[in-house]
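Chemist: Please see the structure below; I have some questions.
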Amino acid sequence: MTTDTITTSTGQAILDARGVTMRFGGLTAVRNVDFTVNAGEIVGLIGPNGAGKTTFFNCLTGLYIPTEGEVRYKGNILPPKSFKVTAAGIARTFQNIRLFANMTVLENVLVGHHTRTKEGFWSAVLRLPSFHRAEGASRERAMELLQFVGLDKKADHLARNLPYGEQRKLEIARALASEPGLLLLDEPTAGMNPQETRATEELVFAIRDKGIAVLVIEHDMRFIFNLCDRVSVLVQGEKLVEGDSATVQGDERVIAAYLGEPFANEPGGEEVAEVEAAEAAPGKENDR
Amino acid sequence: MTTQTTATDTATATSGKHAGLIGIPPKAGLALALGGSVLTIISTFMAWTWTSAFPGDLTVYGYPGGLQVLVLIGGILSTLFCLAAYGVKGLGWLVPAGPDAAIKLATIATFATAWYTVLAISFDLGGVVNLEPGGYLAAIGSLAALLGAFALPFERPEPDPYDPDDTGWELFKHKAGYKWTTFKAAFATGTPRRVGKLPSYVEILIIVAIMALGLTVFTYGIGTEYDELFIGFLITAGLGFAALSKAGLIAQASQITARHQNITICGAFTAAALFPFTQTDDQYATIGVYILIFATVALGLNIVVGLAGLLDLGYVAFLGVGAYAAALVSGSPSSPFDVHFPFWAAVLVGAGASLVFGVLIGAPTLRLRGDYLAIVTLGFGEIFRITANNLDGTSGPDLTNGSNGISSIPNLNILGFDFGAVHTFGGFTIGRFANYFFLMLIVTAVVVTVFRRSSDSRIGRAWVAIREDETAALAMGINGFRVKLIAFAVGASLAGLAGTVQAHVTYTVTPEQYLFAGVIPPNSAFLLAAVVLGGMGTISGPLVGAALLFLIPNKLQFLGDYQLLAFGVALILLMRFRPEGLIPNRRRQLEFHEDAEPPTVLTKTGA
């Protein structure tokens, strides 16, 4: 087993969300969340379904602009467009894989490198030496990244033909190609078997060792607690606990949020009435 | 569900897995196919009818004429394939993917052309009595060859077990489905062996031969003088191409051309440039130049639709803007500006005006996605036409001369070369339209270069990424709006570039040349159809699509008012059976046929 790296967060905060609130009409999906990611840290964000993880995630990637509060990356407020956020240095992957399915593996990574290159339309048409230089450098960089995730042998394959686990890896490589300072992984092990999950774990550590901070949203608790230096728990839009794995694992409120409160006393009269009303309701569904 | 499987059909079990579609022994079938094909060849040297009332003069013994030539070509093709099936030395290269399916399609081609001719003679002249022995011989020979070919063995698919509880209708559907798969399996062919590395000069010679063949076929098609011959040409060319493809020759040819892409493109342009020299008068060069204009604009649209995935239904407006801009500065007496720009300046004005127009339309509309964009561009296309109609001095400022358009546009004169005059080069007469054909070919070359180079670059990848998944592309740091606007503007200015030449070719620019849908290409609907029909995201696709879409209505005048109907039906059929277009981009092919052979490796950007 990989040892838990319980480093105290000595790095400087690169992502700093303060008082982030996100309302959709009358619904408050995220309420007054403070959140930081320090340089060189792996931070986990967990919470039961519907806790507002994805909404908060979207606030960090420029898809949503928080109703209140602000998100700063390296001291600057995040721009409101997702491509500008990527250019600023935050890269992301998607919960349900969103590769460019009909492009090759290499091309996918090259697209990820888009923000770090400048060649425009005229450069492409005129093909001056500078074009070939930049294109060559991009390809070299892309191949390095593919080697890093172990896909360099499959550079010419179509992305759609890769097996599931490799598509996940390719998505990470594509995100890394934008040379981020912070990588956001949205459920990177969803649908993976234990071996693949282990491999992803190693990959995330390797990314951290490159000096890139990582924020992971995950359901797989073992994965999160193995991986993260710090874990935040989001419940019903609010941050419940934050701390290292041991603290969070032992917190009663977290267990309660996931498994429910143990019954302290008899079900209240209210609940009993509710259940009875539901049973007495005309059984239309049952008749069918 | 509990499905009980019954034993497979006993009839198919007894007839064996390797039987033909009809019950003739395979060996006899091959002999029959060969004999029939030879008979067909012989018949083309005989008279098929007694009177020269049927066009093409099929009354002579000794040499074939008109439709007989097409039948002869089909006959030779099937004979060669049959001989290759017998293992005749020196013919093995003809069938790298196995001869059987190729023989079937070649005999179908011969049969269809021969029977079409025989039936056309009987109908035109009123009865089979007008047929001479040669006609009967052709009909019998080609039928025999077809029957023989259908007796060739093929790998029958395993019948699916069926559910005995099925209702009669479900059973019928199941059986019909199996019959259809069997029928399709009869035309299945193996994968052609890869072409070994040949010396480069041999490969280049092969490319030259392919180009020469292409030029010959195109010249023949464009020069067909009567409806029957053109229909016969379409039948022979289409089915013949299918036969070559089943034989595996097309796959091998594309392997060779993929190895020498630049030479292939240069060869294609050389072949196209030779086209006017094959003509004695300017009649077909006219068609040639119109096809080129249409094809070039379709290729420009392919950047917008095929690469960036933006459905533009008003693209012809950019051609119109370019043409109007060039016409206004051409020194035409009906232009309100009394200026006569040299051609290079007119090109800049035309392409520049289209660029501005493209950015003006694109900036507000490109924030929309999908269907909305299509509707807005459709609207803008119409706005352009109606505006051009109204800027006549009465309903608006006098700029475009209203529905009369700008007429009497003078001929171009570049460096003392007068495009209106007839020139003679080494014994070849090159008329006005041929002059413009050469000019247009240069414009096409420019568009091809822009397409190729931009598609294989950072900006081209960004276009494809936007097409594939816009949200993911944005998350990868691509400024979607900006990149789409560039695609839109590039497409617009390329169309404007073609427009500047078009204005001079047609003498007159009127608003009615730039409709959404009409009988005469180019119009927005036909442009889009050329791209979709030919194959999105490829270079050769729109060129072939445009040539077909121009030639077919032009040659089949008798269809008259039904042209658009026929066009619609043809498009529906194509989208049903070959949604990736005639010349598919390899990406697209994978997209539509998931179960097709999995060529996991994609070496080139499918150009």
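Chemist: Out of the stretch A:99-118, which residues are part of a helix (DSSP H, G or I) and touching a Ser or Thr at 6+ places or on another chain (Cβ under 7 Å)?
Modeler: As a first pass, look at the stretch A:99-118 and keep what is part of a helix (DSSP H, G or I): A:105-116.
Answer for the stretch A:99-118, where residues must be part of a helix (DSSP H, G or I) and touching a Ser or Thr at 6+ places or on another chain (Cβ under 7 Å): A:Leu110, A:Gly112, A:His113, A:Thr115, A:Arg116.
Chemist: Here is a further query. Being closer than 16 Å to B:Ala308 by Cα and β-branched (Val, Ile, Thr) is the filter; apply it to the stretch B:449-463 and report the residue that is surrounded by the fewest Cβ atoms within 10 Å (Cβ to Cβ). Step through it out loud before you land on a result.
Modeler: As a first pass, look at the stretch B:449-463 and keep what is closer than 16 Å to B:Ala308 by Cα: B:450-463.
Then keep just the ones that are β-branched (Val, Ile, Thr); that gives B:450, B:459.
Working: B:Val450: 21, B:Ile459: 25.
Only one residue tops the list, namely B:Val450.
Chemist: Would it be correct to say that A:Arg127 is surrounded by fewer than 19 Cβ atoms within 10 Å (Cβ to Cβ), of a type in the set (D, E, K, R) and facing chain B (nearest Cβ under 10 Å)? Give the derivation first.
Modeler: Working: surrounded by fewer than 19 Cβ atoms within 10 Å (Cβ to Cβ): yes; of a type in the set (D, E, K, R): yes; facing chain B (nearest Cβ under 10 Å): yes.
In short, yes.
Chemist: A further question follows. Could we say that B:Asp227 is over 25 Å from B:Ala495 (Cβ atoms), out of contact with any strand residue (DSSP E or B) (no Cβ under 8 Å at 6 or more places or on another chain) and surrounded by 16 or more Cβ atoms within 10 Å (Cβ to Cβ) here?
Modeler: On the way: over 25 Å from B:Ala495 (Cβ atoms): yes; out of contact with any strand residue (DSSP E or B) (no Cβ under 8 Å at 6 or more places or on another chain): yes; surrounded by 16 or more Cβ atoms within 10 Å (Cβ to Cβ): no.
For B:Asp227, the condition - over 25 Å from B:Ala495 (Cβ atoms), out of contact with any strand residue (DSSP E or B) (no Cβ under 8 Å at 6 or more places or on another chain) and surrounded by 16 or more Cβ atoms within 10 Å (Cβ to Cβ) - is not met.
Chemist: Further question: Could you pull out the residue among B:Gly309, B:Gly379, B:Gly300, B:Gly322 that is under 30 Å from the mean Cα position of the chain (by Cα), surrounded by fewer than 22 Cβ atoms within 10 Å (Cβ to Cβ) and farther than 17 Å from B:Ile466 by Cβ?
Modeler: Values: B:Gly309 fails: farther than 17 Å from B:Ile466 by Cβ; B:Gly300 fails: surrounded by fewer than 22 Cβ atoms within 10 Å (Cβ to Cβ); B:Gly322 fails: surrounded by fewer than 22 Cβ atoms within 10 Å (Cβ to Cβ).
Answer to the selection: B:Gly379.
Chemist: Also, quick follow-up: Just checking, how many residues over the stretch B:147-174 are in contact (Cβ under 8 Å) with a residue 12 or more places away in the chain, assigned to a helix (DSSP H, G or I) and not assigned by TED's automatic domain parsing to the domain that holds B:Gly36?
Modeler: Residues in the stretch B:147-174 being in contact (Cβ under 8 Å) with a residue 12 or more places away in the chain, assigned to a helix (DSSP H, G or I) and not assigned by TED's automatic domain parsing to the domain that holds B:Gly36: 1 in total.
Chemist: Of B:Gly141, B:Gly135, B:Gly90, B:Gly148, which residue is over 15 Å from B:Phe187 (Cβ atoms) and out of contact with any helix residue (DSSP H, G or I) (no Cβ under 8 Å at 6 or more places or on another chain)? Don't jump to the end; show me each part of the working.
Modeler: Working: B:Gly141 fails: out of contact with any helix residue (DSSP H, G or I) (no Cβ under 8 Å at 6 or more places or on another chain); B:Gly135 fails: out of contact with any helix residue (DSSP H, G or I) (no Cβ under 8 Å at 6 or more places or on another chain); B:Gly148 fails: out of contact with any helix residue (DSSP H, G or I) (no Cβ under 8 Å at 6 or more places or on another chain).
That would be B:Gly90, the only listed residue that is over 15 Å from B:Phe187 (Cβ atoms) and out of contact with any helix residue (DSSP H, G or I) (no Cβ under 8 Å at 6 or more places or on another chain).
Chemist: Condition first: within 12 Å of chain B (Cβ to nearest Cβ), surrounded by fewer than 18 Cβ atoms within 10 Å (Cβ to Cβ) and in a loop (DSSP other than H, G, I, E, B). Now tell me which residues in the stretch A:149-178 satisfy that.
Modeler: Result: A:Asp156, A:Pro163.
Chemist: A follow-up question, please. Taking the stretch B:335-357 on its own, how many of its residues are assigned to a loop (DSSP other than H, G, I, E, B) and more than 19 Å from B:Asn411 (Cβ to Cβ)?
Modeler: We begin by selecting, within the stretch B:335-357, every residue assigned to a loop (DSSP other than H, G, I, E, B); these are B:335-339, B:341-342.
Next cut, more than 19 Å from B:Asn411 (Cβ to Cβ) only: B:336.
Final tally of qualifying residues: 1.
Chemist: Kindly list, by first and then second residue, each pair from a residue in the stretch A:80-105 that is of a type in the set (Lys, Arg) to a residue that is part of a strand (DSSP E or B), limited to pairs with Cβ atoms under 7 Å and residues at least 6 apart or on different chains.
Modeler: Close Cβ pairs satisfying both conditions: A:Arg92/A:Leu184; A:Arg92/A:Asp186.
Chemist: Tell me, please, whether a residue that is farther than 22 Å from A:Asn102 by Cα and modelled with pLDDT of 90 or more can be found in the stretch A:146-160. Steps first, answer last, please.
Modeler: Narrowing the stretch A:146-160 to residues farther than 22 Å from A:Asn102 by Cα: A:148.
Still in the running and modelled with pLDDT of 90 or more: A:148.
Yes - at least one qualifying residue is present in the stretch A:146-160.
Chemist: Could you check how many residues of the stretch B:464-473 are more than 9 Å from chain A (Cβ to nearest Cβ) and either under 26 Å from the mean Cα position of the chain (by Cα) or surrounded by fewer than 24 Cβ atoms within 10 Å (Cβ to Cβ) (or both)?
Modeler: Summing the residues that are more than 9 Å from chain A (Cβ to nearest Cβ) and either under 26 Å from the mean Cα position of the chain (by Cα) or surrounded by fewer than 24 Cβ atoms within 10 Å (Cβ to Cβ) (or both) in the stretch B:464-473 gives 1.
Chemist: Can you tell me which residue among B:Ala445, B:Ala421, B:Ala434 is in contact with an Asp or Glu (Cβ under 8 Å, 6 or more places away or on another chain), in the same structural domain as B:Ala268 (by TED's automatic domain parsing) and either small (Gly, Ala, Ser) or buried (at least 19 other Cβ atoms within 10 Å of the Cβ) (or both)? Give the derivation first.
Modeler: Details: B:Ala445 fails: in contact with an Asp or Glu (Cβ under 8 Å, 6 or more places away or on another chain); B:Ala421 fails: in contact with an Asp or Glu (Cβ under 8 Å, 6 or more places away or on another chain).
Result: B:Ala434 is the single residue among B:Ala445, B:Ala421, B:Ala434 that is in contact with an Asp or Glu (Cβ under 8 Å, 6 or more places away or on another chain), in the same structural domain as B:Ala268 (by TED's automatic domain parsing) and either small (Gly, Ala, Ser) or buried (at least 19 other Cβ atoms within 10 Å of the Cβ) (or both).
Chemist: So A:Ala137 passes all but one of these: (1) within 12 Å of chain B (Cβ to nearest Cβ); (2) under 25 Å from B:Ser455 (Cβ atoms); (3) modelled with pLDDT under 90. Which condition number does it fail?
Modeler: The failed condition is (3).
Condition check ((1) under 14 Å from B:Val464 (Cα atoms); (2) within 14 Å of chain A (Cβ to nearest Cβ)) across all residues:
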site: B:Ala475; (1), (2): no, yes
site: B:Gly480; (1), (2): yes, yes
site: B:Ala487; (1), (2): yes, yes
site: B:Gly491; (1), (2): no, yes
site: B:Tyr507; (1), (2): no, no
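Chemist: Let me ask something else about it. Condition test on B:Gly496, is it buried (at least 24 other Cβ atoms within 10 Å of the Cβ), more than 7 Å from chain A (Cβ to nearest Cβ) and within 30 Å of A:Ala159 (Cα to Cα)? Break it down stepwise before answering.
Modeler: Numbers: buried (at least 24 other Cβ atoms within 10 Å of the Cβ): yes; more than 7 Å from chain A (Cβ to nearest Cβ): yes; within 30 Å of A:Ala159 (Cα to Cα): no.
So B:Gly496 does not fit the description; no.
Chemist: Please state which of the following conditions B:Thr444 fails to meet, knowing it meets all the rest: (1) at pLDDT 90 or above; (2) within 14 Å of chain A (Cβ to nearest Cβ).
Modeler: Single failed check for B:Thr444: (2).
Chemist: Confirm whether B:Thr189 is assigned to a helix (DSSP H, G or I) and either β-branched (Val, Ile, Thr) or under 27 Å from B:Arg259 (Cα atoms) (or both).
Modeler: Values: assigned to a helix (DSSP H, G or I): no; either β-branched (Val, Ile, Thr) or under 27 Å from B:Arg259 (Cα atoms) (or both): yes.
Considered against the rule, which asks whether it is assigned to a helix (DSSP H, G or I) and either β-branched (Val, Ile, Thr) or under 27 Å from B:Arg259 (Cα atoms) (or both), B:Thr189 comes out as no.
Chemist: Let me ask something additional. Say we look at the stretch A:99-115 and pick out the residues that are at the interface with chain B (Cβ under 8 Å from one of its Cβ atoms) and either surrounded by fewer than 21 Cβ atoms within 10 Å (Cβ to Cβ) or in contact with a strand residue (DSSP E or B) (Cβ under 7 Å, 6 or more places away or on another chain) (or both); which of these is farthest from A:Glu171 (Cα to Cα)?
Modeler: Only one residue tops the list, namely A:Asn102.
Chemist: Check the stretch B:169-176 and report whether any residue there is farther than 30 Å from B:Ile42 by Cβ, of a type outside the set (A, V, I, L, M, F, W, C), modelled with pLDDT under 80 and surrounded by fewer than 19 Cβ atoms within 10 Å (Cβ to Cβ).
Modeler: Our first condition is that a residue be farther than 30 Å from B:Ile42 by Cβ; within the stretch B:169-176, this holds for B:169-176.
Next, only the ones that are of a type outside the set (A, V, I, L, M, F, W, C) stay: B:170, B:173-175.
With modelled with pLDDT under 80 added as a condition, the list becomes none.
No, there is no match, as no residue in the stretch B:169-176 is farther than 30 Å from B:Ile42 by Cβ, of a type outside the set (A, V, I, L, M, F, W, C), modelled with pLDDT under 80 and surrounded by fewer than 19 Cβ atoms within 10 Å (Cβ to Cβ).
Chemist: Turning to a different aspect of this structure: Among the residues of the stretch A:187-211, write down those that are surrounded by fewer than 22 Cβ atoms within 10 Å (Cβ to Cβ) and outside any helix (DSSP H, G or I).
Modeler: A:Glu187, A:Ala190, A:Gly191, A:Met192, A:Asn193, A:Lys210, A:Gly211
Table: residues versus (1) within 21 Å of B:Ser142 (Cβ to Cβ); (2) part of a helix (DSSP H, G or I).
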| site | (1), (2) |
| --- | --- |
| B:Ile42 | yes, yes |
| B:Thr51 | no, no |
| B:Leu58 | yes, no |
| B:Gly62 | yes, no |
| B:Leu70 | yes, yes |
| B:Ile76 | yes, yes |
| B:Thr79 | yes, yes |
| B:Ala84 | yes, yes |
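Chemist: Something else: Please report, ordered by residue number, the strands (runs of 3 or more DSSP E) entirely within the stretch A:30-94 with at least 3 residues that are within 14 Å of chain B (Cβ to nearest Cβ) and over 17 Å from A:Leu234 (Cβ atoms). Don't jump to the end; show me each part of the working.
Modeler: Working: elements: A:42-46, A:68-73, A:90-92.
Correct list: A:90-92.
Chemist: Just need a number here: residues in the stretch A:127-168 that are within 21 Å of B:Ile459 (Cα to Cα), in contact (Cβ under 8 Å) with a residue 12 or more places away in the chain and among the acidic types (Asp, Glu).
Modeler: The number of residues fulfilling the criteria is 2.
Chemist: While we're on this one: Please verify whether the stretch B:104-114 includes one or more residues that are assigned to a helix (DSSP H, G or I), surrounded by fewer than 22 Cβ atoms within 10 Å (Cβ to Cβ), at pLDDT below 90 and in the same structural domain as B:Val195 (by TED's automatic domain parsing). Steps first, please.
Modeler: Going residue by residue through the stretch B:104-114, those that are assigned to a helix (DSSP H, G or I) are B:104-114.
Of the ones still in play, those that are also surrounded by fewer than 22 Cβ atoms within 10 Å (Cβ to Cβ) are B:112.
The next check asks that each one be at pLDDT below 90; those that pass are none.
No: zero hits.
The values are calculated or read from the model by the stated rules, or taken from the named source; none is laboratory data. None of the values given here were measured: they were computed from a predicted structure. Every residue, glycine among them, receives a Cβ derived from its backbone with ideal geometry; neighbour counts consider all protein chains shown.
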